[in-house]
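Notes follow once the structure below has been shown.
The values are calculated or read from the model by the stated rules, or taken from the named source; none is laboratory data. It should be emphasised that the depicted structure is a prediction, and the values quoted were computed from it without experimental measurement. Here the Cβ positions follow ideal geometry from the backbone for every residue, glycine too, while neighbour counts run over all protein chains shown.
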Amino acid sequence: MPSTFGLTGRIVNGTKAALGQFPHQVSLMRSWTKRHFCGGSVISSTLVLTAGHCMFLSRSIIEPWTILVVGGIVHLFDERSSRQERGVEKIRLHPNFDLDNLYNDIAVLKLSVPFNFIPELQSVPLPLDAPVPHTICQVSGWGYPSSDFPIISTDLMFVDLPVRTVDECRELLINVTDLPAGMFCAGYIEGGRDACQGDSGGPMVCNGILTGIVSGGEGCALPRLPGVYADVFYYLNWILNDADVIVVIHRNNSINNTRPNYSTSNMPMVMLVIISSLFCAVIDHF
């Protein structure tokens with residue numbers, strides 16, 4: 001596997017997002033410089049999901065106090081009233097994370113102070129099933145607009161990408177990664193649209209559900225080299241372990257929705273209530 005896998009990061013040829021269009025999207029910034037380094041997704045008022053490799057700097061794991069989580073924005077330097085900044089109390093890295101191969105590339109951040117949910121800052125539902133091939137999903141982030149233009153975008157961008165089948169992924173990425181369990185790929189055969197460096201850890205949302213986490217890839221938007229994502233459903237039990245919070249999960253019944261409604265108010269959701277570290281069998285259909 002090339003040593004550059006995952007280090008080129010992973011929006012190329014994207015569209016500028018409107019405030020509140022991706023209310024679950026947060027920026028992870030260095031607390032001492034307020035410089036963006038990765039994306040993340042709000043899954044409860046106190047939990048943020050991101051990529052495991054985002055928790056490393058010069059191959060050493062970073063300390064919680066070095067991370068500033070910023071939500072309620074689309075422009076990195078936006079000071080409007082919807083902006084909320086939170087520190088991190090705890091980093092929970094997957095115990096089997098492999099920095100070299102990006103296996104189990106997932107981490108949960110526990111915030112020191114809960115987010116105050118407003119229209120511009122909301123949690124995103126987690127999936128009750130695996131990614132569905134050929135679904136058109138949205139990836140958002142402040143990453144590089146291209147691998148040849150290595151400057152973080154100050155505006156939140158998004159791009160539509162199709163989920164590929166496992167067989168397609170393994171054929172296309174045969175010289176890049178063996179695509180272990182817990183990973184999937186998405187992108188166009190002809191390339192041209194993709195996530196890029198700085199988007200790592202950010203969300204892939206399919207039909208309003210957090211389906212993937214931007215992980216790695218070979219270059220950005222190259223032909224026949226789709227991006228690689230951590231499968232949120234595969235890690236669902238691990239994500240919810242020790243989560244003393246209310247998390248909303250939702251079954252994906254549609255496979256070709258190209259412009260999902262990001263409002264959660266009209267979704268047929270399932271609410272899973274976690275008390276202490278035990279799963280409660282309390283299920284409410286909305």
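Listed here are the residues, each with its yes/no results for (1) in the same structural domain as Ser45 (by the TED database); (2) more than 22 Å from Pro64 (Cβ to Cβ); (3) in contact with a Cys (Cβ under 8 Å, 6 or more places away or on another chain); (4) of a type outside the set (A, V, I, L, M).
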| site | (1), (2), (3), (4) |
| --- | --- |
| Arg80 | yes, yes, no, yes |
| Ile91 | yes, no, no, no |
| Asp129 | no, yes, no, yes |
| Val132 | no, yes, yes, no |
| Cys169 | no, yes, yes, yes |
| Leu173 | no, yes, yes, no |
| Ala181 | no, yes, no, no |
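Residues of the range 70-124 that are surrounded by fewer than 18 Cβ atoms within 10 Å (Cβ to Cβ), within 15 Å of Phe56 (Cα to Cα) and of a type in the set (Asp, Glu): Asp98, Asp100.
Within the range 192-219, the residues that satisfy the criterion of being at pLDDT 95 or above and either in a loop (DSSP other than H, G, I, E, B) or over 22 Å from Val69 (Cα atoms) (or both) are Gly201, Gly202, Cys206, Asn207, Gly208. Name the residue that is nearest to Tyr234 (Cα to Cα), counting only residues in the range 136-156 that are modelled with pLDDT of 90 or more and surrounded by fewer than 23 Cβ atoms within 10 Å (Cβ to Cβ). Only one residue fits best here, namely Ile136. Per the listing Ile67, Ile61, the residue uniquely of a type outside the set (Asp, Glu), crowded, with 24+ Cβ neighbours inside 10 Å and over 16 Å from the mean Cα position of the chain (by Cα) is Ile67.
Tell me, yes or no, whether the range 126-144 has at least one residue that is under 29 Å from Thr154 (Cα atoms) and of a type in the set (D, E, K, R). Checked against the condition, which is being under 29 Å from Thr154 (Cα atoms) and of a type in the set (D, E, K, R), the range 126-144 yields no hits at all. The set of residues in the range 53-84 that are among the small types (Gly, Ala, Ser), more than 15 Å from Gly39 (Cα to Cα) and not in a loop (DSSP other than H, G, I, E, B) contains only Ser60. Against the conditions (1) within 30 Å of Ser45 (Cβ to Cβ); (2) in contact with a helix residue (DSSP H, G or I) (Cβ under 9 Å, 6 or more places away or on another chain); (3) at pLDDT 95 or above, Pro133 satisfies every one except (1).
Going by what's in this entry, would Ser41 be described as touching a Pro at 6+ places or on another chain (Cβ under 6 Å), at pLDDT 95 or above, within 24 Å of Val108 (Cβ to Cβ) and part of a strand (DSSP E or B)?
yes
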